[in-house]
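K.L.:
This structure is in structure tokens; I'll ask about it shortly.
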Ligand code: GDP
């Protein structure tokens, strides 16, 4: 009887022990769920007021686009430039090939350069340099003239300018690229294309949709990002752009990406409020890490107006490079020279179409060759006239 009682007691104790073992993980799991959800309810820091972001990037990993590497991309896209800009090179070479290069001819050359938006200073410098060299060297064959013109155009565009972009993680954090400019210039599209350029060159990218004023901008950016596996951090419509930018940098750092690209709002650039907003975005981001590149997007078709717009931005943020978009749709390639001279900032990327891979690192030689067209395009003057 006594033995039976002891056995019963052991069985009861064992049953309690088993029940306890089963219940413990359930309790732990409940506790874990509470810990991860708790911060979402907490009030974020004052500058970071957007709602909490999903913990994991929800970017599909299969079926992603694999863009071609960007090396030589401008050479591949040369046809785009040539289509609209060939006329510039052709008319310059036609005038240069005349028997007599009198003042009227030189004026015609200068006017052609001005029409192509080269700017008064650059056009004047180019004509006087050409004049001197034609006189001193006495060159007159089409090939020689083309070489002279190419040299002088290259000198104006700048071959030794540093056009590199900081895109690799450094000092233990991602590179940060801020993209600014007036809305409609192609800013969001450029962020998307830039993500592709970076992915093509082997970088991992996170996008920050800090243009919270334009309803469709975040969706547009996310669509670009999803295509190449770049997660997009976004906030509520009309939310604080600085907060989204801050979150993007924080998330990019946690995820260990190479580059964080932040799109910003660009409406009403003349309004002090918006410029203050842009300054705040930069300051808030820099509470974590310095911004490596601030790229100003300019629409090449807006010509000198674009240059005036650009000045407003350079007063608020330190612009490190220009992205000149829509060069496929204008014959005003001279804007590359005038914008660089006016702002003292290099053109680093150019947009040559609406296609996903129509953004190319700027290459002075490929650009000038596209302006001049094929060397055979000019027929030599009749024999005996030189
Ligand atoms: P945002 O308001 O500055 O962000 O401008 P979007 O990125 O929305 O672009 C405005 C329009 O310009 C869109 O229709 C783009 O497809 C177009 N766009 C952008 N870059 C280029 C380019 O290099 N060439 C051409 N032809 N269109 C462009």
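To keep it simple, each residue is scored yes or no on (1) at pLDDT 95 or above; (2) assigned to a helix (DSSP H, G or I); (3) closer than 30 Å to residue 253 by Cβ.
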{"site": "113", "(1), (2), (3)": "no, yes, no"}
{"site": "125", "(1), (2), (3)": "no, yes, no"}
{"site": "131", "(1), (2), (3)": "no, yes, no"}
{"site": "149", "(1), (2), (3)": "no, yes, no"}
{"site": "164", "(1), (2), (3)": "no, no, yes"}
{"site": "194", "(1), (2), (3)": "yes, yes, yes"}
{"site": "206", "(1), (2), (3)": "yes, no, yes"}
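K.L.:
Hey, another quick one. Does residue 308 satisfy the criteria of being more than 14 Å from the ligand (Cβ to nearest atom) and either crowded, with 19+ Cβ neighbours inside 10 Å or farther than 26 Å from residue 233 by Cα (or both)?
P.N.:
Yes, satisfied.
K.L.:
Further question: Can you tell me how many residues within region 121-135 are touching a residue at least 24 places away in the same chain (Cβ under 8 Å) and either surrounded by fewer than 17 Cβ atoms within 10 Å (Cβ to Cβ) or under 33 Å from the mean Cα position of the chain (by Cα) (or both)?
P.N.:
Going through region 121-135 one residue at a time, the tally reaches 7.
K.L.:
Conditions: (1) within 30 Å of residue 329 (Cα to Cα); (2) more than 16 Å from the ligand (Cβ to nearest atom). Residue 188 meets all but one. Number of the miss?
P.N.:
It is condition (2) that residue 188 fails.
K.L.:
Which pairs turn up if I take residues in region 140-166 that are more than 14 Å from residue 346 (Cα to Cα) and look for partners that are outside any helix (DSSP H, G or I) and at pLDDT below 95 with beta carbon separation below 6 Å, at least 6 apart in sequence or on another chain?
P.N.:
Qualifying pairs under 6 Å: 140/386; 142/97; 142/378; 142/380.
K.L.:
Among the numbered criteria (1) away from the ligand (no atom under 16 Å from the Cβ); (2) buried (at least 21 other Cβ atoms within 10 Å of the Cβ); (3) modelled with pLDDT of 90 or more, which one does residue 320 miss?
P.N.:
It is condition (2) that residue 320 fails.
K.L.:
In this structure, does residue 258 turn out to be modelled with pLDDT of 95 or more, in contact with a helix residue (DSSP H, G or I) (Cβ under 9 Å, 6 or more places away or on another chain) and farther than 18 Å from residue 183 by Cβ?
P.N.:
yes
K.L.:
Got a sec? Which of 238, 266 is in a loop (DSSP other than H, G, I, E, B), under 17 Å from residue 211 (Cβ atoms) and over 16 Å from the mean Cα position of the chain (by Cα)?
P.N.:
None of the other options fit; the residue is 238.
K.L.:
In this structure, is residue 326 touching a helix residue (DSSP H, G or I) at 6+ places or on another chain (Cβ under 8 Å) and either more than 15 Å from the ligand (Cβ to nearest atom) or at positive phi (or both)?
P.N.:
Against the criterion (touching a helix residue (DSSP H, G or I) at 6+ places or on another chain (Cβ under 8 Å) and either more than 15 Å from the ligand (Cβ to nearest atom) or at positive phi (or both)), residue 326 qualifies.
K.L.:
Can I ask one more? Quick one: how many residues across region 343-357 are in contact (Cβ under 8 Å) with a residue 60 or more places away in the chain and surrounded by fewer than 19 Cβ atoms within 10 Å (Cβ to Cβ)?
P.N.:
Summing the residues that are in contact (Cβ under 8 Å) with a residue 60 or more places away in the chain and surrounded by fewer than 19 Cβ atoms within 10 Å (Cβ to Cβ) in region 343-357 gives 4.
K.L.:
Identify, by number, the condition in (1) within 16 Å of the ligand (Cβ to nearest atom); (2) at pLDDT below 90; (3) farther than 20 Å from residue 152 by Cα that residue 385 doesn't meet.
P.N.:
(1)
K.L.:
Exactly one of these conditions fails for residue 223: (1) closer than 22 Å to residue 65 by Cβ; (2) touching a strand residue (DSSP E or B) at 6+ places or on another chain (Cβ under 6 Å); (3) free of Cβ contacts under 8 Å to residues at least 60 places away in the same chain. Give me its number.
P.N.:
Here residue 223 clears every test but (2).
K.L.:
Additional query: How many residues are modelled with pLDDT of 85 or more, in a helix (DSSP H, G or I) and either crowded, with 20+ Cβ neighbours inside 10 Å or within 16 Å of the ligand (Cβ to nearest atom) (or both) when one looks only at region 276-304?
P.N.:
Summing the residues that are modelled with pLDDT of 85 or more, in a helix (DSSP H, G or I) and either crowded, with 20+ Cβ neighbours inside 10 Å or within 16 Å of the ligand (Cβ to nearest atom) (or both) in region 276-304 gives 9.
K.L.:
Only one residue in 181, 138 is buried (at least 18 other Cβ atoms within 10 Å of the Cβ) and either more than 16 Å from the ligand (Cβ to nearest atom) or within 20 Å of residue 207 (Cβ to Cβ) (or both), so which one is that?
P.N.:
181
K.L.:
Answer yes or no as to whether residue 314 is under 30 Å from residue 250 (Cβ atoms), in contact with a strand residue (DSSP E or B) (Cβ under 8 Å, 6 or more places away or on another chain) and outside any helix (DSSP H, G or I). Give the steps one after another, and end with the answer.
P.N.:
On the way: under 30 Å from residue 250 (Cβ atoms): yes; in contact with a strand residue (DSSP E or B) (Cβ under 8 Å, 6 or more places away or on another chain): yes; outside any helix (DSSP H, G or I): no.
The answer is no for residue 314.
K.L.:
Could you grab me the full set of residues in region 193-220 that are in contact (Cβ under 8 Å) with a residue 40 or more places away in the chain, within 12 Å of the ligand (Cβ to nearest atom) and touching a strand residue (DSSP E or B) at 6+ places or on another chain (Cβ under 8 Å)?
P.N.:
At the first step, the residues of region 193-220 found to be in contact (Cβ under 8 Å) with a residue 40 or more places away in the chain are 193-201, 203-214, 217.
This time we only want the ones that are within 12 Å of the ligand (Cβ to nearest atom), so: 193-194, 209-211, 213-214, 217.
Within region 193-220, 193, 194, 209, 210, 211, 217 qualify.
K.L.:
Here's another thing I want to ask about it. Taking residue 252 as the residue in question, decide whether it is buried (at least 22 other Cβ atoms within 10 Å of the Cβ) and either within 16 Å of the ligand (Cβ to nearest atom) or in a strand (DSSP E or B) (or both).
P.N.:
On the way: buried (at least 22 other Cβ atoms within 10 Å of the Cβ): yes; either within 16 Å of the ligand (Cβ to nearest atom) or in a strand (DSSP E or B) (or both): no.
Answer is no for this residue.
The values are calculated or read from the model by the stated rules, or taken from the named source; none is laboratory data. This structure is a prediction, so every number in the text was calculated from the model and none was measured. Cβ atoms come from the backbone with ideal geometry, glycine included; neighbour counts cover every protein chain shown.
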